Amino acid sequence: MTTLDTAWVRAQFPAFAAPALQGQAFFENAGGSFPCAQVVHRLTRFYTERKVQPYAPYAASQIAGAEMDEARERLAAMLGVQTHELSFGPSTTANTYVLAQAVRRWLKPGEAIVVTDQDHEANTGPWRRLAEDGVEVREWRIDPTTGHLDPEALAPLLADGRVRLVCFTHCSNVVAEVNDVAGICAMAAALGARTCVDGVSYAPHGLPDVGALGCDVYLFSAYKVYGPHQGLMVIREGFGAELPNQGHFFNCDTLYKRFTPAGPDHAQIAASAGMADYFEALSLHHGGPATGAGAARASHDLMRAREVALLQPLLDALVGRNDVRLIGPQDAALRAPTVAVELPGNAEAVAAALAPHGIMAGGGDFYAVRPLQALGIDLDKGVLRMSFTHYTSEEEVDRLLHALDAVLPG
């Protein structure tokens with residue numbers, strides 16, 4: 001594996017050259033990453049040159065529409081799905097809510113769904129609300145000590161054949177263990193259930209091959225993947241055709257419009273093509289494929305390898321402390337670089353104490369109320385969350401460790 005060229009990577013992100021951010025180490029990437037220069041350029045260009053109604057016959061409009069189409073085509077190829085299977089919406093939360101309304105009408109009396117208590121509220125709350133209409137909602141529960149979501153515990157929930165949909169996360173935004181999505185999806189499919197995967201906390205660490213995962217729905221947020229504030233949703237063709245249309249009636253035959261009832265944000269969709277620009281440039285710079293799915297896979301592997309190498313020393317240091325409880329696996333290869341710890345006192349106060357040391361981190365529940373409750377964590381105290389990506393440097397991790405030594409009791 002080629003070693004990631006961190007200097008080149010950081011040069012692709014304007015934030016690292018911004019005077020206001022000098023001396024600051026960003027460890028709240030799980031809340032939203034820095035945007036790459038390619039996205040910033042496309043967004044600026046659209047607003048200054050192409051901010052017209054797209055798809056009209058005049059030149060500026062045609063260019064605007066073409067750039068929106070480009071974003072969908074290139075990102076769908078990178079995700080291993082057909083172009084029309086990828087849609088854009090205002091956020092992953094909104095996309096999930098719209099999808100849940102479609103599923104509400106799709107389910108028949110006596111049928112059930114499965115949710116987990118490992119998820120961010122955006123991928124569990126909308127599904128749990130179906131119980132208000134009499135849908136049976138079964139909960140797949142995590143281990144209360146480790147946070148692990150055991151696939152063996154799913155099997156009994158599916159055994160009677162009444163489950164039509166299983167909703168779970170690729171990795172939690174506090175537990176961070178990478179779940180076996182392909183295995184879980186295969187298990188569900190064998191028993192006649194569809195699958196909806198929340199990829200918000202995984203996608204920033206490398207775009208997945210959704211086609212290979214075998215899920216029916218995959219959702220993630222562009223603003224956490226170096227892009228604009230959009231929610232991306234893959235709905236595979238077979239499942240999308242079964243679900244009732246949620247968009248304008250005259251768009252019902254277009255899959256990527258069926259589940260976007262609001263008007264699209266033209267500029268942000270167009271700017272999302274900058275995400276593809278970045279992943280392709282990253283791959284090419286390191287000797288990988290120049291375009292498409294090959295570039296996405298190469299970028300994924302480069303990013304993950306870099307993050308694992310940076311993460312393990314941080315995990316080891318935290319495990320060695322007697323004043324924190326590490327949430328999730330101790331092996332960096334099994335998790336995303338989103339590290340939550342339980343502290344003796346209030347986590348938000350500790351995050352505030354880290355700020356004068358140049359550490360940007362967060363404290364609280366991060367909308368992961370259910371997993372924190374399942375883990376027995378006091379929500380009034382919350383957890384300290386330190387999250388990074390492939391653009392983080394060794395020096396920043398070292399600075400974080402020294403800052404923790406300075407603000408924690410030991």
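The values are calculated or read from the model by the stated rules, or taken from the named source; none is laboratory data. All of these numbers come straight from a predicted model, not from anything done at the bench. Here the Cβ positions follow ideal geometry from the backbone for every residue, glycine too, while neighbour counts run over all protein chains shown. All accessible areas refer to the heavy atoms of the entire protein, side chains included, with ligands and DNA or RNA removed. Shrake-Rupley method; radii C 1.70, N 1.55, O 1.52, S 1.80 Å.
Once Lys and Arg get +1 and Asp and Glu get -1 on their Cβ, which of ALA203, ALA349, LEU4 lies farthest toward the positive end of the dipole of the chain?
ALA203
What are the residues whose amide H is under 5 Å from the amide H of SER387, where those residues sit 5 or more places off or on another chain and H is modelled from the backbone?
GLU28, ASN29, ALA30, VAL339
Normalise the Debye intensity by I(0) for region 42-276, one equal point scatterer per Cα, no solvent, then take log10 at q = 0.12, 0.18 Å⁻¹ and round to two decimals.
-0.65, -1.35
Lys/Arg Cβ at +1, Asp/Glu Cβ at -1, dipole of region 42-276 taken about the Cα centre: which of VAL98, LEU219, THR116 is farthest positive-ward?
Farthest along the dipole direction, towards plus: VAL98.
Put a dot 7 Å past each Cα toward the Cβ at GLU111 and ASP331; how far apart are the dots in nm?
With each label placed 7 Å out from Cα toward Cβ, I get 3.8 nm.
If I ignore ligands, DNA and RNA and count only protein heavy atoms, how much of THR254 is accessible to a 1.4 Å probe, in Å² to the nearest 10?
50 Å²
Please compute the per residue accessible area over the chain with all protein chains in place, 1.4 Å probe, rounded to a whole number of Å².
Normalised by residue count, the accessible surface of the chain is 38 Å².
What dipole magnitude, in Debye to the nearest 20, does the chain give about its Cα centre under +1 on Lys/Arg Cβ and -1 on Asp/Glu Cβ?
900 debye
Quick one: which residues, 5+ away or cross-chain, put their amide H under 5 Å from the amide H of VAL114? H built at 1.01 Å from N.
ARG138, LEU165, VAL166, CYS167
Per DSSP H run of at least 4 residues, take -39500 (n - 2.57); add these up for the chain, divide by its residues and hand me the 222 nm value, nearest 500 deg cm²/dmol.
Per the formula, -11500 deg cm²/dmol.
Put HIS84, HIS248, HIS170 in order of accessible area, largest first, 1.4 Å probe: what do you get?
HIS248, HIS84, HIS170
Pulled fully out, how much extra length does the chain show between ALA317 and ASP133, if you take 0.36 nm times their separation in residues and subtract their Cα-Cα distance?
That works out to 61.4 nm of additional length.
Within region 1-98, report the chymotrypsin sites (Phe, Trp or Tyr not before Pro) that DSSP leaves as loop and that have at most 13 other Cβ atoms within 10 Å.
For chymotrypsin sites (Phe, Trp or Tyr not before Pro) across region 1-98 that sit outside H, G, I, E and B with at most 13 neighbouring Cβ atoms in 10 Å, the list reads TYR55, TYR58.
Helices from the chain with mean Kyte-Doolittle at least 0.0 and a Cα length along the axis of 27 Å or more, per DSSP H: which?
59-79, 292-319
What does the charge dipole of region 42-276 about its Cα centre add up to, to the nearest 20 debye, if the Cβ of each Lys and Arg holds +1 and the Cβ of each Asp and Glu holds -1?
700 debye
How much of the DSSP beta bridge set in region 42-276 is antiparallel, as a percent to the nearest 5?
40 percent
Quick query: amide H of GLY247 versus all other amide H atoms, modeled in the peptide plane; which residues come in under 5 Å with a sequence gap of 5 or more or a different chain?
Under 5 Å from the amide H of GLY247 lie the amide H atoms of THR260, each far enough along the sequence or on another chain.
Could you give the alpha-carbon Rg of region 294-410 over 2.2 N^0.38 Å, rounded to two decimals?
1.08
Given R₀ = 45 Å, what would the calculated FRET efficiency be for GLU237 paired with ALA18, taking r from the Cβ atoms and rounding to 0.05?
0.60
Quick one: Karplus J couplings for region 372-379, per residue in order, coefficients 6.51, -1.76, 1.60, θ = phi - 60°, nearest Hz, x for Gly and Pro?
Once rounded to whole Hz, the list reads 5, 4, 5, 8, x, 8, 5, 5.
Mind jotting down the distance between the C-alpha centroids of region 26-66 and region 252-289, whole Å?
First find each Cα centre; the distance between them is then 10 Å.
Express the carbon and sulfur contribution to the solvent-accessible surface of the chain as a percent, rounded to the nearest whole number, probe 1.4 angstrom.
Result for the chain: 55 percent of the exposed heavy-atom area is carbon or sulfur.
Once the piece of chain linking ALA186 and GLU394 is laid out straight, how much longer is it, given 0.36 nm per residue of separation minus the C-alpha distance between them?
Between ALA186 and GLU394, full extension yields 71.0 nm more.
Gaussian network model of the chain, Cα springs within a sub-10 Å range: biggest mean-square fluctuation belongs to which of LEU99, LEU86, LEU243?
Looking only at LEU99, LEU86, LEU243, the biggest GNM fluctuation is shown by LEU243.
Counting DSSP beta bridges in the chain, what percent are antiparallel, to the nearest 5?
50 percent
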